[in-house]
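Here's the structure, in structure tokens; my notes come after.
The values are calculated or read from the model by the stated rules, or taken from the named source; none is laboratory data. Predicted, not measured: the structure shown is a model, and the values here were computed from it. Glycine gets a Cβ as well: all are built from the backbone with ideal geometry, and neighbour counts include every protein chain shown. Accessible surface is based on the protein model in full, side chains and every heavy atom, while ligands, DNA and RNA are left aside. Shrake-Rupley method; radii C 1.70, N 1.55, O 1.52, S 1.80 Å.
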Amino acid sequence: VKISNLNEVPSKDETRTFTALLDNIGEKVAKCKITLIASNLLTAEETKLDEITCESYPESQLNISLQMNATLAPGKYALAAILDYGNKTNLEGSQMLLEVQ
């Protein structure tokens, strides 16, 4: 399973929402845990923002939605969506830069 295309979805309220694409190129159903983490580029402090679980089916793609459920101090951040789908596999990730004002 691969994760890619981490993007912010424009919103009219204060909740910040992000989407990513899961691509299961394998032949098995994968139980996935996706964690959204923000790393402050100035202080290197990490903040866990959201965590979801889902199943990814063989030869399919799935759009997932993650929310920023913590308040971040103003600054620039590296935002990463980390995919864990089993203890016998490597972690996968997708990232973007984020500015909080």
Examine region 70-78 for a residue that is in contact (Cβ under 8 Å) with a residue 24 or more places away in the chain, β-branched (Val, Ile, Thr), open to solvent by 60 Å² or more (accessible area, probe 1.4 Å) and out of contact with any strand residue (DSSP E or B) (no Cβ under 6 Å at 6 or more places or on another chain), and state whether such a residue exists. no
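For region 42-61, what are the residues that are open to solvent by 60 Å² or more (accessible area, probe 1.4 Å) and either in contact (Cβ under 8 Å) with a residue 40 or more places away in the chain or of a type outside the set (A, V, I, L, M) (or both)?
Within region 42-61, the first condition is being open to solvent by 60 Å² or more (accessible area, probe 1.4 Å), and the residues that meet it are 42-46, 48, 51, 53, 55, 57, 59, 61.
Thr43, Glu45, Glu46, Lys48, Glu51, Thr53, Glu55, Tyr57, Glu59, Gln61, listed by residue number.
What residue, among those in region 1-35 that are among the basic types (Lys, Arg) and not in a loop (DSSP other than H, G, I, E, B), is farthest from Glu92 (Cα to Cα)? Let's see the steps before the verdict.
First, the residues of region 1-35 that are among the basic types (Lys, Arg): 2, 12, 16, 28, 31, 33.
Filter again for not in a loop (DSSP other than H, G, I, E, B), leaving 2, 31, 33.
Values: Lys2: 6, Lys31: 14, Lys33: 11 Å.
Ranking the candidates gives Lys31 first.
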Is at least one residue of region 10-24 aliphatic (A, V, I, L, M) and over 14 Å from Ala81 (Cα atoms)? no
Among (1) open to solvent by less than 40 Å² (accessible area, probe 1.4 Å); (2) within 16 Å of the chain's Cα centre (by Cα); (3) of a type in the set (Gly, Ala, Ser), the one test that Ala30 misses: (2)
Criterion violated by Gly86 - all others in (1) on the phi < 0 side of the Ramachandran plot; (2) assigned to a loop (DSSP other than H, G, I, E, B); (3) open to solvent by less than 80 Å² (accessible area, probe 1.4 Å) satisfied: (1)
